[in-house]
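Asker: Have a look at this one.
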């Protein structure tokens, strides 16, 4: 298991590379060019600037999250070929910088969805929260405004330039079904995977978060059966999964340990985090510790260990601790604690295996 840490870039993150360097076992940063709109080609010189900055601090940049998919690709519009061509050019440029994995998602309009960004927990920390009943009557534009309340720290998947087109995009998806989305995803994969293979970069799709339809939009990366179908769309080791225990774990019916065992050789990247799911379907993000949530984090790490996982892993969203002012879910302290919990589990399983 290779530990990495998501970093949003210089002057775009409250966490510094110097701070990340002090977390044991972190060898690389998970990054992106967040100022490049979806669909545009990433300039090689900007990629190399990130590489130089990371290497100066002792990190590699082998994992990118995300090269966002333009909505025209998801919608299957004729203009998609232009954006797919830009995507291919970006893949080639990333390969020149030593990138090995590209994490992406195929969620219409939005990335992850939460109804509250700093819900208090019993211990006084706060965390991202999803209240099931509120999505039925939630003012979408009020939620957009709240999520982008700090323009200096834009939220991944909720970039202002994308959200300016919310009304237009909802209208465009009015008649798009899940099967349409599957067809458009296959078209994208058939175009992209050969380029990824030629450049030795593994594409790793992220599950939908949460793993069910939101605001009537179709979502298809929701559970084991659909992930199995996805991998068969283009059967190649370069077509893989970013296994996110938090996203999938929001649905207690998802057996994530079984997914690790079944898909192990097609998981180049893992997000490991915990959520506490309530009986009414609400969920809140907790510490990574197994006992604090509903997801069997210790069992998931054990499953990765049993499969001799050599891919990349990062702690995902963390709580906000000790009055830290940070991008919601992406502070330093709880993610650092999460890394140490994951390493503790991994080391214990290694010791037992060797004893």
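The rows are residues; the columns are (1) crowded, with 20+ Cβ neighbours inside 10 Å; (2) more than 22 Å from residue 265 (Cα to Cα); (3) under 20 Å from the mean Cα position of the chain (by Cα).
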{"position": "169", "(1), (2), (3)": "no, yes, no"}
{"position": "174", "(1), (2), (3)": "no, yes, no"}
{"position": "179", "(1), (2), (3)": "no, yes, no"}
{"position": "187", "(1), (2), (3)": "no, yes, no"}
{"position": "198", "(1), (2), (3)": "no, no, no"}
{"position": "207", "(1), (2), (3)": "yes, no, yes"}
{"position": "215", "(1), (2), (3)": "no, yes, no"}
{"position": "218", "(1), (2), (3)": "no, yes, yes"}
{"position": "227", "(1), (2), (3)": "yes, no, yes"}
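Asker: Still on this structure: Select from segment 185-214 the residues that are assigned to a strand (DSSP E or B), in contact with a helix residue (DSSP H, G or I) (Cβ under 8 Å, 6 or more places away or on another chain) and closer than 16 Å to residue 90 by Cβ and list them in ascending order.
Answerer: Result: 202, 203.
Asker: For the condition touching a strand residue (DSSP E or B) at 6+ places or on another chain (Cβ under 6 Å), surrounded by fewer than 21 Cβ atoms within 10 Å (Cβ to Cβ) and at negative phi, what is the one hit in 294, 290, 310?
Answerer: 294
Asker: Out of curiosity, is residue 223 more than 20 Å from the chain's Cα centre (by Cα) and within 23 Å of residue 294 (Cβ to Cβ)?
Answerer: No.
Asker: Quick check, is residue 171 part of a helix (DSSP H, G or I) and either modelled with pLDDT under 95 or closer than 30 Å to residue 14 by Cβ (or both)?
Answerer: Yes, satisfied.
The values are calculated or read from the model by the stated rules, or taken from the named source; none is laboratory data. Since the structure is predicted, the reported quantities are computational estimates derived from the model, not experimental observations. Ideal geometry is used to build each Cβ from the backbone, glycine not excepted, and the neighbour counts take in all protein chains shown.
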